[in-house]
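Single-structure report; data block below.
The values are calculated or read from the model by the stated rules, or taken from the named source; none is laboratory data. Nothing here was measured: the structure is a model prediction, and the numbers come from that model. Don't worry about glycine lacking a Cβ; one is built from the backbone with ideal geometry, like all the others, and counts go over all protein chains shown. Remember, those area values only see protein heavy atoms, side chains included, never the ligands or the DNA or RNA. Shrake-Rupley method; radii C 1.70, N 1.55, O 1.52, S 1.80 Å.
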Amino acid sequence: METTATSGRVRQLAEATPAGRDRYVDLLRVASLGTVVLGHWLMAAVSTGADGTGADGQVEVGNLLAVVPELQLLTWALQIMPVFFFVGGFAHALSYRSLRARTDSGQLYPAFLRARLQRLLRPTIAFVLLWGAAALALQLLGAGGGLLDVALRLVAQPLWFIGIYLAMVAFTPPLLKAHERWGWGVFGALVGAAGTVDLLRFALGVPYVEFLNFAFVWLAVHQLGFLRADGRLRVRGVPAALAACGLAGAVALVTYGPYPLSMVGMPGERVSNMAPPTFALLCHGLWLVGAVELVRRPVTGWLQRPRVWRGVIAASGIAMTAFLWHLTAMLGVYGALLALDVRLPAPASGGWWAQVPVRLAAAALVTALLVAAFRRFERPAAAPTAHTGSGPLAAVGVTLCLFGVLGLSMVGFGGLLEGRTAVLIAVPVSAPVAVGMV
């Protein structure tokens, strides 16, 4: 019954799609999250014992890209989060302008936050509370060790993306106002600021300055979404210039600078392009945005097919839930294999590659089951008849939520009762404190 009703809703939404809707943006949103999920499933390298034989019974979780460094070049395609943030900028600009035209100025900011964050935070809160309760119950029961400890740490890591996205929504009003006055100049200023931060970091050794690029790098990509909303990325030659300059810059920085090849974080590396973001990652984002804009026209034509568009709508309705729970599913599959005494071969060995299709199919199946259980939280709640609330209070709320989500992504759900902490911008944060902030 649920499947039939969902199919009917998808068909109704597809048939009611306005003629002027930018379907390509919806596809980019779904495809970017799907690519991240697939990348995480592929990169996870779980084995038993130091040599993968299970001789000592120890569970080890590594990264395939660390085992086979040559595969790090794949991150230049699989690290697609810049595209999601670019799409976010586009959507935020349209949403804010629409609300600005019909909302009292005193209620505009809380109304905008509510409109943009409801479908993001409802499934996130459900995820945080359910995993927090499970982690507390497991600790009280004395369960732990092996893959469980790893899971309690890893499942929260993707929440960093939620935290960055919250910051983008929070800064949209002032940055959009600046964009409407100076256009490309705001984007150029953010790019220049990101480059200056790396110069101070690597050339002059200024401490802690690198953390500023959490804002400058991602907000620069986000600003490209504003430019797209104004049609400025559709000017002939602009997408090609972005792609060419971004790719050339990334290649030059990785080849001659202190930047690693991988565009995702690697265990034990001295410099990461991701945490905090570097100018090389910004160049990577520019080339990706340029590349996806270059293929916009033919893909948009393909999206006019009813069956294709219904698929995009269906995926859009569950994308955030699937993203939140996909690591839970993957680690659950590995846990089941260990419980069944299935040998986990050494990562990147022949046996390991032979198991990949089975593990991916199993992870997809478990994710589908989790989505079926929790998708209700991603459905939009009924809109309030009137918007109430204060702008300053809304700003405090989104700030607390932002730091809580980022802190939880760093500390994980382990050690709730021991007060285990992680350092978030020089401030120790424990999991209970992070959950409370959210």
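Remarks
- Dipole of the stretch 283-438 computed with +1 at Lys/Arg Cβ and -1 at Asp/Glu Cβ about the Cα centre; of S316, W353, G414, farthest Cα towards the positive end is S316.
- Estimated inter-spin distance, E180 and V342, nm [label 7 Å along Cα→Cβ]: 5.5 nm
- What the Cβ-Cβ distance of S105 and L148 gives, at R0 = 51 Å and to the nearest 0.05, is a FRET efficiency of 0.50.
- Per residue value of the accessible surface for the stretch 295-438 (all protein chains in place, 1.4 Å probe), Å²: 50 Å²
- Rg [Å, one decimal], Dmax [Å, integer] - the stretch 248-333, C-alpha atoms: 17.9, 49
- The share of C-alpha pairs in the stretch 326-383 whose separation exceeds 17 Å stands at 49 percent.
- Reduced Cα scattering model of the chain, Debye log10 I(q)/I(0), q = 0.07, 0.14 Å⁻¹: -0.36, -1.58
- Contour excess over end-to-end distance, with Cα ends at L369 and L417 and 0.36 nm allotted per residue: 14.2 nm
- Mean Cβ neighbour count within 10 Å, used as a protection proxy, ranking 427-436, 198-207, 369-378 highest first: 427-436, 369-378, 198-207
- Highest mean packing comes first when the peptides 71-77, 279-285, 255-261 are listed by Cβ atoms within 10 Å, giving 279-285, 71-77, 255-261.
- Kirkwood-type radius of the stretch 203-278, with distances r between different C-alpha atoms, in Å: 14.4 Å
- Above 16 Å, the calculated P(r) of the stretch 388-438 contains 39 percent of its Cα-Cα pairs.
- Remark on the stretch 290-394: hydrodynamic radius 17.8 angstrom, per the Kirkwood mean of 1/r across alpha carbon pairs.
- One quarter of the surface of the convex hull around the alpha-carbon atoms of the stretch 95-217 equals 11.5 nm², the direction-averaged projected area.
- The charge dipole of the stretch 299-418, taken about its Cα centre with unit charges on the Cβ of Lys, Arg, Asp and Glu (plus for the first two, minus for the last two), comes to roughly 560 debye.
- Using only alpha-carbon positions in the stretch 118-167, the gyration tensor eigenvalues give semi-axes of 25, 13, 6 Å once each is multiplied by 5 and square-rooted (largest first).
- For the listed peptides 96-108, 408-420, 221-233, a ranking on the average number of other beta carbons within 10 Å per residue, highest first, reads 221-233, 408-420, 96-108.
- Taking a quarter of the surface of the Cα convex hull of the stretch 36-150 gives a mean projected area of 11.0 nm².
- Kirkwood hydrodynamic radius of the stretch 58-105, from inverse mean 1/r over distinct Cα pairs, in Å: 14.4 Å
- Diffusion coefficient (Stokes-Einstein, Kirkwood radius over C-alpha pairs, 25 °C, 0.890 mPa s) for the stretch 86-145: 172 µm²/s, rounded to a whole number.
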